[in-house]
Structures are given as structure tokens and as C-alpha cells.
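**Student:** My questions will all concern the structure given below.
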Amino acid sequence: MDIKGFQFSAVEAAIKKPGRKDLALIYSEVPAAAAAVFTTSSVKAAPVLVSREHIAGGSAQALIVNSGNANACTGAPGMTVAQETASLVARALGIDSTAVQVCSTGVIGVQMPMDRIRTAIPALVDGLPSGTLDDIAQAIMTTDTFPKMEARGGQAGGVEYTVAGIAKGAGMIMPNMATMLSFIITDAAVEPGFLQRSFKKAVDRSFNAITVDGDMSTNDTCLIMANGMAGNPAITEGTAEGSAFETILNDVLLSLAKLIVKDGEGASKFVEIRVGGARDDADAKRAAMAIANSSLVKTAFFGQDANWGRIFAAVGYSGALVDQSLLSLHFDDVCMARNGVFAGGDAEERGTAVLKQKEFTVSVDLGIGNGSATVYTSDLTHEYVSINADYRS
């Protein structure tokens, strides 16, 4: 992956436990146009509050992130830690502290061991020339079972550029912007207003369309930096190059989002939920998320039980406009129900065969309008309970 003007570093700070790299730094050699989307939870971690303030001007140059401790629900000491972390990184890099984004992921409610971070930052900065984006992807993992990375190439004004991204998350996944972090970098020059608008749309179609367990984190952050080091003329809205950039950005974010669902804690199934025929897109999203978050539906997926009634029940309480006499349901291409009632024949047997697959699609048509939505989810397994029953130990 050739992406110009970014440097990476990761070190072990023993923030939660020793034996793995848990503190990472992404540095742009020049100030970058930047945008971010943060958790909508009313309970926000200290790094979210600090980063939200720092990025208000639409630019950033560095991002420091730790795993093992969320620095959430830590009061004034937590804010001091996040602010000091940004200041220390800024001083070491010779940039303003407001150019530094701070992110954390891990256990909520535990004070951050600032002495360990303070000690580790010099080595972190010294390691910048030799690190890789893969180092960052591995350092931010918590219950993830594999690092998540994607990259795509594009061209603007005859100049090639790259959009690359990493993400972490396996549990506490139901963004409205899951515990989820994602960092996107590009060496393309992009007009800042267009970057913000296209990024927000891409997040809505990807990270805001996944759920593992219906839980939102205090730390959710998705951030993009575009440093222009590829040397292309700035990409703007309403152009062919702008449309191509949006397509590439959407592809990178959606691929990362799907990897999060596939790595859902204890998950054995990856399920695409499509809802069509809704009053509008918002209604379709309500119905799709109700299906995707239903514990009864998700356990049926795990048990390979073609219990289509649970899906109709979820649609019914979703808040979407529903006429049960118009509902239809498919598992892949198998019609399970039509006009609100069981399709009959061998639908049960064929539907069960679909659910035995690792990946499948559930399609619901509300039969009312033209609204549609697609979300992605996983099943709910015994392993999910085991992981989360002793997460803090």
C-alpha cells in the first residue's frame, strides 16, 4: 500500500496488561483536512469530548489511540489525561495540541495509567518512520479476533491516490456512531466541505448500518484525514472525480463495517437484512434494525431455526408503518411468507437449509411504498455470553 505523507508507530505501554502493543500513533507530515463522527450516547468518554473540540476547525495532523482502557466515566482526571496526552504528542511532534486527536477503547470506569502513557510517548514518536498501518490495526484490538484493514486506489487529475482504513470492534456494536473505532486516511487532496459531507454519508451507509448486540459505546469514533500529499488537484463535489472518490470511500467503509460484523463476539453467521416496500427509507431502517437487534431472531439464526414469525414480530414493533396482510419474507431466494402468512410447501425445509450457511440474506417487503434499507448483523451465540460475562478479568 503506497500512501504518501503518513507515518505510523505502535508500542507496548502495558495499559491493561503487558505483552502486547496497546498505544499507537498516526501522523501526517502536513496538516490534513479532517472530519469525524462520534458516539451519539449522552455518556461520552473523555477522549471523545477532547477530540470533538479539536476537530471542530476541520483539520488534524496526528491521532493517538490506546486499547485496554476506555477512559470513560473517569470524571475530571480522565479529561486531564486526554488533554495531557494530546499536549505531550503535540510537543514531541512540534505541532499544536489542537491538531492531535485522542481515542481510547477498552474497559469503562477505570482511571487511565497516565504514567505509563507519559513514559511510552517518546518511544512512540521515535518509532514513526518504521511503523505500518497494520501495526495500528493490531494495537487497537480488544476482543477482536483479527485486525481489520482495507485500501482502494483512485485517480484525480491524472494523479493516483489511495484511501486506506482500519477499524476495531466486535462487541458493543450498534452505532449511531459500537465499541467501535475506525480511522481512514488518504493522500488525496479533497475540498474540506466535500470531505465532511461525503464522509458523513459513507458512515451512514456503513458503520451506522451494522449491529452485533444492540449496544452503543461511550467511545465510538470514526475519523478521516486527507493530507493532499498525492499532489492531485483538490477533489470537489459535482464532478466525475468527486463521484469516484465517494464510491471508493463508501467501499472502504462498508468493507470495514462488514468485517466488524463478521468478527462479532462469538458470531457464527453474517446476515444481510434487506427491507423494501416501506413508507420511506427511515421506516425501512427502523424495521431492518428491529430485526437485526432482536435477540429472538438472532438466536434463531444461531440455532438454524427458520422461525420467520419472530421476524414479522420484530417488524410489527419496530415503529414502521406496517400492514400485516401485505408482508412478505425471503431467506435468500426461498419465500417463507406471503401476504402475512406462511408460504407453505417445502418452505420450512428449504429455509432451514439457507440458515445453515455462514452467510445469507433476509429480505422483507412491507408492500406499502418505495422506502428501502440494508443493515448487517450476526447471530447470538453461547460464546457471546462467555466473552462478556468476564470481559473485565
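**Student:** Is there a residue in the stretch 338-345 that is β-branched (Val, Ile, Thr) and either surrounded by 16 or more Cβ atoms within 10 Å (Cβ to Cβ) or not assigned by TED's automatic domain parsing to the domain that holds Asn370 (or both)?
**Tutor:** No, the conditions are met nowhere in the stretch 338-345.
**Student:** Further, regarding this structure: Take the stretch 351-365 and flag every residue that is over 28 Å from the mean Cα position of the chain (by Cα) and crowded, with 18+ Cβ neighbours inside 10 Å.
**Tutor:** If the condition is that a residue be over 28 Å from the mean Cα position of the chain (by Cα) and crowded, with 18+ Cβ neighbours inside 10 Å, then Gly351 is the only one that fits.
**Student:** Looking for something in contact with a Leu (Cβ under 7 Å, 6 or more places away or on another chain) and either outside the structural domain of Thr105 (by TED's automatic domain parsing) or not aliphatic (A, V, I, L, M) (or both) - is there at least one such residue anywhere in the stretch 39-55?
**Tutor:** No - not one qualifying residue is present in the stretch 39-55.
**Student:** What tally of residues in the stretch 293-317 results from selecting those that are assigned to a loop (DSSP other than H, G, I, E, B) and either under 20 Å from Arg338 (Cβ atoms) or among the acidic types (Asp, Glu) (or both)?
**Tutor:** 3
**Student:** Can you tell me which residues in the stretch 318-358 are among the basic types (Lys, Arg) and assigned to a strand (DSSP E or B)? It would help to see each step written out before you state the result.
**Tutor:** Looking only at the stretch 318-358, we keep the residues that are among the basic types (Lys, Arg), and these are 338, 350, 356, 358.
Result: Arg338, single match.
**Student:** Within the set of pairs 6 or more residues apart or between chains, which connect a residue that is surrounded by fewer than 15 Cβ atoms within 10 Å (Cβ to Cβ) inside the stretch 239-251 to a residue that is not in a helix (DSSP H, G or I) with Cβ atoms less than 6 Å apart?
**Tutor:** Ala244/Gly154
Conditions tested, residue by residue: (1) in contact with a Leu (Cβ under 6 Å, 6 or more places away or on another chain); (2) among the hydrophobic types (A, V, I, L, M, F, W, C).
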| residue | (1), (2) |
| --- | --- |
| Asp251 | no, no |
| Leu254 | no, yes |
| Val261 | no, yes |
| Gly276 | no, no |
| Arg279 | yes, no |
| Lys285 | no, no |
| Ala290 | no, yes |
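**Student:** Taking the residues in the stretch 285-297 that are more than 10 Å from Ser318 (Cβ to Cβ) and over 19 Å from the mean Cα position of the chain (by Cα) as candidates, determine which candidate is surrounded by the fewest Cβ atoms within 10 Å (Cβ to Cβ).
**Tutor:** Only one residue fits best here, namely Ser295.
**Student:** Being among the aliphatic types (A, V, I, L, M) and touching a strand residue (DSSP E or B) at 6+ places or on another chain (Cβ under 9 Å) is the filter here, so list the residues in the stretch 109-137 that pass it.
**Tutor:** Initial filter on the stretch 109-137 (among the aliphatic types (A, V, I, L, M)): 110, 112, 114, 117, 120-121, 123-125, 128, 133, 136-137.
Residues satisfying the conditions are Val110, Met112, Ile117, Ala120, Ile121, Ala123, Leu124, Val125, Leu128, Leu133, Ile136, Ala137.
**Student:** Kindly state which strands (runs of 3 or more DSSP E) lie completely within the stretch 159-256 and contain at least 1 residues that are at pLDDT below 90 and over 18 Å from Ser104 (Cα atoms).
**Tutor:** The strands (runs of 3 or more DSSP E) meeting that bar number zero.
**Student:** List the residue pairs whose Cβ atoms are under 6 Å apart, where the first residue sits in the stretch 353-382 and is assigned by TED's automatic domain parsing to the domain that holds Phe331 and more than 17 Å from Ile210 (Cβ to Cβ), the second is among the basic types (Lys, Arg) and in a strand (DSSP E or B), and the two are 6 or more positions apart or on different chains.
**Tutor:** Ser363/Arg274
**Student:** What are the residues in the stretch 331-346 that are in contact with a helix residue (DSSP H, G or I) (Cβ under 6 Å, 6 or more places away or on another chain) and of a type in the set (D, E, K, R), if any?
**Tutor:** Hit for the stretch 331-346 is Asp332, nothing else.
**Student:** Here's a follow-up. Can you pull out the residues in the stretch 1-48 that are within 25 Å of Ala120 (Cβ to Cβ), among the charged types (D, E, K, R) and in contact with an Asp or Glu (Cβ under 8 Å, 6 or more places away or on another chain)?
**Tutor:** Glu12, Lys16, Arg20, Lys21, Asp22
**Student:** Specify which of the listed residues (Met149, Met141, Met114) is assigned by TED's automatic domain parsing to the domain that holds Ala188 and farther than 17 Å from Ala14 by Cα.
**Tutor:** One residue alone meets the criteria, Met149.
The values are calculated or read from the model by the stated rules, or taken from the named source; none is laboratory data. On a predicted model such as this, the values are computed, not experimentally measured, just so you know. Here Cβ is always computed from backbone atoms with ideal geometry, including for glycine, and neighbour counts include all displayed protein chains.
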